[in-house]
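Colleague: First the structure, then my questions, so here it is.
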Amino acid sequence: MGDIAIAIHGGAGTILRAAMSPEKERHYLLSLENGLAFGHQILAAGGTALDAVVQTVAYLEDDNIFNAGKGSVFTHDGSHEMDAAVMCGRTLGAGAVAGVKNVRNPILLANEVRLHSEHVLLAGAGAEIFARERGLPFEPDSFFYDEYRYQQWLEAQRTDTVTLDHTEDRKFGTVGAVALDAAGNLAAASSTGGMTNKKYNRIGDSPIIGAGNYANNKTCAVSCTGHGEYFMRAVVAYDVSCLVEYKGCTLQEACDIVVKDKLVKMGGEGGLIAVDPHSNIVLSFNSEGMYRASRRNNEPAYTRIYSD
């Protein structure tokens, strides 16, 4: 059997040590460590890359410290609109949902779209009908309530601004996972609650295949986190794959070109996690920090927040 590898992220942005309380830093690190261990255990037990990324992202969605699932930020009207996507590197099959409400784990719904529909992307009320048909759990609004998120929303309402996860410091709230299983298959999954105080059913890059999420066994698996409008225009996830496939770049070279050159020139901030068929892992970002963790085979786990 071959190598296994997994990487996860919990968002990127202006994440400064000076602005983080020791308690909150410990909470983030523990959440990353637990999420990574959860996914790695699936792979170590012979599970598929698809199972690992879907179940790991669902695990992160249930941790309200991250802006996805239970921890999703409030929209302008005080609700929660969530997006998610998953892609299989072996078949190039993909499923995604956008703007769904009250679905406990949007990533599970995205996977149901991949498995049990003839479509790739479902949105809004239609996606919720499909979720009920597939028997997925729904939760009341109170399940998604978080006092910290609520205060962010009140501040955004007061100033009539749309903010990227947090008001006091820019953070791009998304969770994601990429994995390589022992059979040599890749997969990627992403989930987000979007922007605080977002209007007009705004949708970012996370559910857009090729922009915020992509996987291909020939090249790599990628999950992005950043200012979605830029990531969509740059087709970030697919661009990394293309550089590997058509230009012969290493995974590190491809990620550096896209994240640290192309996106920077456009004004796009954020980062991504990626893994290739050779178990190379890249955690690349052009912001002050990115909540990130990775592990390859039985090597020690890597968990970091800041750029240093």
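Colleague: Which of rounded, prolate, oblate describes region 69-213, given a ≥ b ≥ c as roots of the alpha-carbon gyration tensor eigenvalues and a/c under 1.5 marking rounded, otherwise prolate only if a/b is larger than b/c?
Modeller: It is prolate, given that a/c is not under 1.5 and a/b is the larger ratio.
Colleague: What does the charge count around Ala49 come to, taking other residues whose C-beta lies under 10 Å from its C-beta (Lys +1, Arg +1, Asp -1, Glu -1)?
Modeller: Values: positive: Arg90; negative: Asp51, Asp181.
Taking every Cβ under 10 Å from that of Ala49, the sum is -1.
Colleague: Helix-derived [θ] at 222 nm for the chain: sum -39500 (n - 2.57) over DSSP H runs of at least 4, divide by residue count, nearest 500?
Modeller: Here the helix-only value at 222 nm equals -9500 deg cm²/dmol.
Colleague: Something else about it: Give me the net charge for the shell around Ala189: Cβ to Cβ below 11 angstrom, other residues only, Lys and Arg +1, Asp and Glu -1.
Modeller: Details: positive: Arg114; negative: Asp51, Glu61.
Net charge in that neighbourhood comes out at -1.
Colleague: Let me ask something additional. Have a look at Ala182, Ala49, Ala68 and tell me which one the Gaussian network model of the chain (Cα, springs below 10 Å) gives the largest fluctuation.
Modeller: Answer for the Gaussian network model of the chain: Ala182.
Colleague: Further question: Return the single residue from Ser241, Ser21, Ser279 with maximal mean-square fluctuation; model: Gaussian network over the chain, springs between Cα atoms under 10 Å.
Modeller: Of the options given, Ser21 has the highest mean-square fluctuation.
Colleague: Also: Find the relative contact order for the chain and round it to a whole percent, using C-alpha pairs within less than 8 Å whose residues are 6+ positions apart.
Modeller: Details: 849 pairs, mean separation 80.2, N = 308.
Computed over the chain, the figure is 26 percent.
Colleague: Can you classify the chain as rounded, prolate or oblate using the Cα gyration tensor, where a ≥ b ≥ c are the square roots of its eigenvalues, rounded means a/c under 1.5, and otherwise it's prolate if a/b beats b/c and oblate if not?
Modeller: rounded
Colleague: Once you list every other residue whose beta carbon is under 15 Å from the beta carbon of His278, what net charge do they have if Lys and Arg are +1 and Asp and Glu are -1?
Modeller: -4
Colleague: My understanding is that a pair violates if its Cα-Cα distance is over 24 Å; which of Lys101/Lys199; Lys101/Lys265; Lys24/Lys70; Lys199/Lys260; Lys70/Lys198 do that in this structure?
Modeller: On the way: Lys101/Lys199 14 Å; Lys101/Lys265 35 Å; Lys24/Lys70 18 Å; Lys199/Lys260 30 Å; Lys70/Lys198 17 Å.
Over 24 Å apart, Cα to Cα: Lys101/Lys265; Lys199/Lys260.
Colleague: Right, another one. Most mobile of Met195, Met87, Met266 per a Gaussian network model of the chain (Cα springs, under 10 Å)?
Modeller: Of Met195, Met87, Met266, the most mobile in the Gaussian network model is Met266.
Colleague: Most exposed first by the Cβ proxy, i.e. fewest other Cβ within 10 Å, how do Leu121, Leu36, Leu263 rank? All intermediate terms of the calculation are to be shown ahead of the outcome.
Modeller: Working: Leu121 19, Leu36 24, Leu263 27.
Ranked by crowding around the Cβ, least crowded first: Leu121, Leu36, Leu263.
Values quoted throughout were computed directly from the atomic coordinates according to the rules given, and no laboratory measurement underlies them. Bear in mind the structure is a predicted one, so any value in this text is a computation, not a measurement. When we count neighbours, we look across all protein chains shown, and the Cβ atoms used for this are built from the backbone with ideal geometry, even at glycine.
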